[in-house]
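Accompanying notes for the structure given below.
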Amino acid sequence: MIENKNVLQRYNLPAEIKFCKKCTMSNQRPRITFDEEGVCSACNFSVKKNTVFDWTQRERELVDLCKRYKRTDGGFEVLVSWS
Ligand SMILES: [Zn+2]
């Protein structure tokens, strides 16, 4: 039987609870980190995703990659994605 009395210890939760200044996510979410200004890693990645990444270039790269494997005989094609 699993002992449930000490939840902080069982899930390795921080004793001091902090909240993101932008989205209010707590530091008890697994794998989340906070910067020195109190903004969580998910918010920082969202900003990066919308400002740093060149989505037009990434789309071109995907299309070029798919062209390498595209069938030319008119048969069915399947695209498998994993993350
Ligand atoms: Zn946040």
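The values are calculated or read from the model by the stated rules, or taken from the named source; none is laboratory data. Note that the structure is predicted; figures quoted are calculated from it, not measured. Ideal geometry is used to build each Cβ from the backbone, glycine not excepted, and the neighbour counts take in all protein chains shown. The accessibility values were calculated without ligands, DNA or RNA, using every heavy atom of the protein model including side chains. Shrake-Rupley method; radii C 1.70, N 1.55, O 1.52, S 1.80 Å.
With protein chains left intact and a 1.4 Å probe, residues in the chain average 96 Å² of accessible area per residue.
The fraction of accessible area contributed by carbon and sulfur in the chain is 55 percent, rounded to a whole number (1.4 Å probe; ligands and nucleic acids excluded). Given a Förster radius of 35 Å and the C-beta distance between Arg10 and Asn44 as r, what FRET efficiency does 1/(1 + (r/R0)^6) yield to the nearest 0.05? Efficiency for this residue pair is about 0.75.
Stretched out straight at 0.36 nm per residue, the stretch from Phe76 to Asp35 would grow longer than its current Cα-Cα span by 10.0 nm. In plain terms, the chain is cut at each of the chymotrypsin sites (Phe, Trp or Tyr not before Pro) found in a DSSP loop with at most 12 other Cβ atoms within 10 Å, and the longest leftover piece is 12-52.
Comparing Val39, Val63, Val52 in a Gaussian network model of the chain, where Cα atoms under 10 Å apart are tied by springs, the biggest mean-square fluctuation is seen for Val63.
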